[in-house]
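Here the structure is laid out as structure tokens; the discussion comes afterwards.
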Amino acid sequence: MLKKSFFFGILCLALWACSEDDSGGPASSGDSFDRSAMLVNWADNIIIPAYLNFGGTTQALESAVASFTQNPSEATLQEARSAWQTAYIAFQQVSMFDIGPAETVFFRNRLNTYPANTTEIEDFIASGTYDLSLPSTMDAQGFPAMDYLLYGLGETDSEIVAFYSTNASATNYTNYLVNLAQIANSLTASVVANWNTGYRDTFVSNSGGSASASVDKLANDYVFYYEKALRAGKIGIPAGVFSNLPLPGNVEAFYKKDFSRQLALTSLQAAQDFFNGKHFAGNQTGKSFKSYLDYLNTIKNGEDLALLINAQFEDARAALNLLDENFVAQIEIDNSKMLNAFDELQRNVILLKVDMLQALDVNVDYIDADGD
Amino acid sequence: MGSPLAKYLDKPTEAAPLAVFRIFFGLMMVGSLLRFWANGWIEKLYLEPTFHFSYYGFEWVRPLGAFTYVIFLVCGLSALGVALGFKYRLSILTFFLSFTYIELMDKTTYLNHYYFISCVSFLMLFLPAHRYFSVDAWRNKKLAAYYIPSWTIDSIKVLLGIVYFYAGLAKLNSDWLFRAMPLKIWLPSNYDLPLLGTILQEEWAHFAFSWSGALYDLSIPFLLLYRKTRWFAFAMVVIFHVLTRVLFPIGIFPFVMIVSTLIFFDAKFHHRILLFLSGVFRIGKEKWDAVLLPKKKEKTTSMVKWVVALFIGIQFLLPWRYVLYPGELFWTEEGFRFSWRVMLMEKAGYAQFKVVNPATGNYFYVDNSDFLTPFQEKQMSFQPDFILEYAHFLGDQFKAQGHGPLEIYVESYVALNGRMSQPFVYPTVNLLNQRESFAHKTWIVPFQDEIKGL
């Protein structure tokens, strides 16, 4: 009889275990690395402050664009441009956090799909009817489209100002530019609001080890950002790494020209700071991939991966610093330096995607199939 | 024919354990196919990818568009037929063929437990699992039997024994036993489990899990065979598989193994299960048994005996084929599959393909996400046969796009069991000049470390 009830007991245990419930419980304290604390550091000290900062710049951009279009002049154009630059730089510090509300609204794609599709933009302006929430219009909005509208419409500043004042379609140009600035600001405001009203807690409490847990998801987003948006988008694609010939037209901030290196460097710095858990404001650091790797290394006694990754970040930065501040010029003068920068960035893809994700036991994206 | 072997082959045993095995196996397959479907995996794994990785020699097995759903439907219905014992031979044949077809469509999804299911269903083709407690036996009194040859049940025990024992042998290597790898990587990420979470951070726990896992796999077939240790062994089976289910994303496999090992129990135990089922479905089991009991025993045709013997023989030998290849098995994976090497290593890689125009020296890199799903890319990045097949696919692809003569190289890095990533394929080898075969792949960079053991 005892045997039977024991059998029944373990069968129940088996049934319980085989039911598909792997919701993450609360984090345990103790000696183990506290993933929850890492999520809190990410959310409260890095992600939300970065978004708040970016939100301020999109707010300023919206007003600068408004004053420029209400009163078009070379001086107000400069102010709008400067607000655009500030915002574009601040964007590099949030772009990698493509999770939660940002993921829902396709934040990165709506704000920074480049090259801008100028034909489509001109068509939209000419017709005055468009729906920028459609996925097909990603390349007609955001910073790249504003880049075109603020820098690319004419040869000289006065020519550009004319598009918003004396041009037959001046109203349409004005409306479009205003619209883009408004969308950028409202998208950012909605993401910030979401983080502040609930998503922060969702994010922090989802501290489990499953594929849908915050650490695993953001680790994937982070590596994806580094590989696709930074390494490929900013350097590899324009340098022609993925095509037969270089594609200088695909440089970020193509019309502003002497801005692409600064954007790339900001993005790289943001990626490294996030890796090290550095607070957005100040030099303090908190729990991060780095400290997680250090913790796991005390178990594994392996090579100091965090050290190697940081060293590679430095090498990549050195390679970027060798480039002209205008990547279009760099590609035309000496593309080999671009290729070199790509290779340096590439080395960290391997360390981050293969070595770091393996050490953290994070599975590569969205694979919910069984293992054995 | 008085030899011990002939005697053994004619020895009868009660049919109940095999009937229970058939019913549970069929039902679990129905369940797992429904789960597969409900999770959207048919769409995601077989319909969404534009390219599929084929097994060598089975390139003709491909997903068939929307018709793929029909294969799953046929597979599910035949599994139900197996459970019911309805047109059993046809059902199990259909199940074996459709299930194996599904598994052959894309080797990205290879799992040992899928292979196990193919093996079991192939074996069941030759077993009289429908003689007792089945629709067939109910409809055809001549077929019905209370006794079947004892070897038929033993063959399943042997197959299960092979799975465990070989999984145990595979763990007898220095990474598993002396570095506690890959458990040292896998266990700490379960930090959020109640009670266990903290323990799983400890190095002694990683070693304890590694050693007891190996010991479990090696000893469990024998503990299950021996009557006095059987209940203990079964408790171990449940605890072991429940743990693996809790710790790893392992799907329904633990459940399949727990239920399968019931076959080691004697007929009395299975009669109780059947009695319970009879109660639920209001089948008069006792009346049936009374009719069947006096029936004389069955003889097996010699062809069937030969096929089963050959099959079991292959099962014993196949996992050893890796010794024919030079190099580290975990690194090259030559002879790795179909060998019950389960949960044995943590491997990840990165493969960047370079398309070169030999005339001009111009080159470009391939964005793998243009052709592969993230799952396929992950699996491709550390398995040489995937890398080669994909390289040829890229060659065809870019030739068709009019890129003219071209060469394809790969820059790849692989990390194994927590070691730093190392170059995996010689970046100077034009993969288009290499052909898939059973021969050793000389273009794999040798493993820069040593893993001792089997």
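Output wanted: per-residue J couplings in Hz (rounded whole) for segment B:444-454, from phi through Karplus 6.51 cos²θ - 1.76 cosθ + 1.60, θ = phi - 60°, x for Gly and Pro.
Calculated HN-Hα couplings, in order: 7, 5, x, 4, 8, 7, 10, 10, 8, x, 6 Hz.
In degrees from 0 to 90, rounded to the nearest 10, what is the angle of the helix A:214-224 Cα long axis to the longest principal axis of chain A?
Helix A:214-224 sits roughly 40 degrees off the main axis of chain A.
Modelling each spin label as a point 7 Å along the Cα-to-Cβ direction, I'd like the A:ASN283/A:GLN70 distance in nm, to one decimal.
Simple spin-label model gives 4.2 nm for this pair.
Amide H of A:LYS257: which non-local residues (sequence gap of 5 or more, or other chain) have their own amide H closer than 5 Å, using H built in the peptide plane?
Distant-sequence amide H within range of A:LYS257: zero hits.
Treat every Asp and Glu Cβ in the protein assembly as shown as -1 and every Lys and Arg Cβ as +1, leave all other atoms uncharged, and give the resulting dipole magnitude about the Cα centre to the nearest 20 debye.
So the magnitude is around 5820 debye.
Over the whole of B:417-423, what's the average partner chain Cβ count within 10 Å per residue? Rounded to a whole number, please.
For peptide B:417-423, the averaged partner shielding equals 5.
Please compute the Kirkwood hydrodynamic radius of segment B:299-411 from all pairs of different C-alpha atoms, in Å with one decimal.
Answer for segment B:299-411: a Kirkwood hydrodynamic radius of 17.2 Å.
Which of B:ALA359, A:ALA229, B:SER150 sits farthest toward the positive end of the charge dipole of the protein assembly as shown, with +1 on the Cβ of Lys and Arg and -1 on the Cβ of Asp and Glu?
B:SER150
Counting only other chains, what is the mean number of Cβ atoms within 10 angstrom of the Cβ of each residue in peptide B:31-39?
1
List the relative contact order of segment A:34-206 as a percent without decimals, with contacts defined as Cα pairs under 8 Å and 6+ residues apart.
Relative contact order comes out at 32 percent.
How far is helix A:289-300 tilted off the main Cα axis of chain A, in degrees rounded to 10, range 0 to 90?
Between the helix axis and the principal axis of chain A, the angle is about 30 degrees.
At 0.692 mPa s and 37 °C, plugging the Kirkwood radius over alpha-carbon pairs of the protein assembly as shown into Stokes-Einstein gives what diffusion coefficient in µm²/s?
109
Of the peptides B:62-68, A:93-99, B:211-217, how do they stack up when ordered by the mean number of other Cβ atoms within 10 Å, highest first?
With the highest mean Cβ count within 10 Å placed first, the list reads A:93-99, B:211-217, B:62-68.
Can you give me the relative contact order of chain A as a percent, contacts being Cα pairs under 8 Å and 6 or more apart?
Value for chain A: 21 percent.
Rounded if a/c is under 1.5, else prolate if a/b beats b/c, else oblate: with a ≥ b ≥ c from the C-alpha gyration tensor eigenvalues square-rooted, which is segment A:34-206?
It comes out prolate by the Cα gyration axes.
Pairing the Cα long axis of helix B:267-281 with the longest principal axis of chain B, what angle in degrees results, from 0 to 90 and rounded to the nearest 10?
Approximately 90 degrees, to the nearest 10.
Output the peptides A:202-209, A:165-172, A:126-133 sorted from most to least packed, where packing is the average of other Cβ atoms within 10 Å over each peptide's residues.
My ranking of the peptides, most packed first, is A:202-209, A:165-172, A:126-133.
Between A:SER158, A:ALA181, A:ALA126, whose Cα lies farthest towards the positive end of the dipole of segment A:34-206 when Lys and Arg beta carbons carry +1 and Asp and Glu beta carbons carry -1, centred on the Cα centre?
Checked the options; the winner is A:ALA181.
Evaluate the charge dipole of segment B:346-454 about its Cα centre and quote only its size in Debye, nearest 20, assuming +1 on the Cβ of each Lys and Arg and -1 on the Cβ of each Asp and Glu.
That gives a dipole near 160 debye.
What Kirkwood hydrodynamic radius do you get for chain A when you take the inverse of the mean 1/r over all pairs of distinct Cα atoms, in Å?
Taking the inverse mean of 1/r over all distinct Cα pairs, chain A comes out at 22.5 Å.
What residues qualify as long-range amide H neighbours of A:LYS278, i.e. H under 5 Å apart, gap of 5 or more or another chain, H built at 1.01 Å from N?
A:GLY286
Taking trypsin sites (Lys or Arg not before Pro) as exposed when DSSP calls them loop (any state but H, G, I, E, B) and at most 13 other Cβ atoms lie within 10 Å, what is the longest stretch of chain B free of them, the sites themselves excluded?
In short, B:1-140.
Relative to the Cα centre, what is the charge dipole magnitude of segment A:68-225, using +1 at the beta carbon of each Lys and Arg, -1 at the beta carbon of each Asp and Glu, and rounding to the nearest 20 debye?
500
How many nm is it between the label spots at B:ALA66 and B:TRP204, if each spot is 7 Å from the Cα in line with the beta carbon?
Simple spin-label model gives 6.2 nm for this pair.
For peptide B:188-199, compute the average count of partner chain beta-carbon atoms within 10 Å of each residue's beta-carbon.
Taking all residues of B:188-199 together, the mean is 6.
Once you order the gyration tensor axes a ≥ b ≥ c over the Cα atoms, which shape class does segment B:407-454 get: rounded for a/c under 1.5, otherwise prolate or oblate by comparing a/b with b/c?
It is oblate, given that a/c is not under 1.5 and a/b is not larger than b/c.
Every read-out reported here was derived from the displayed coordinates using simple, explicitly stated rules and does not represent laboratory data. Because the structure is a prediction, the values reported are computed rather than measured. Glycine also receives a Cβ, built like all others from the backbone with ideal geometry; neighbour counts cover every protein chain displayed.
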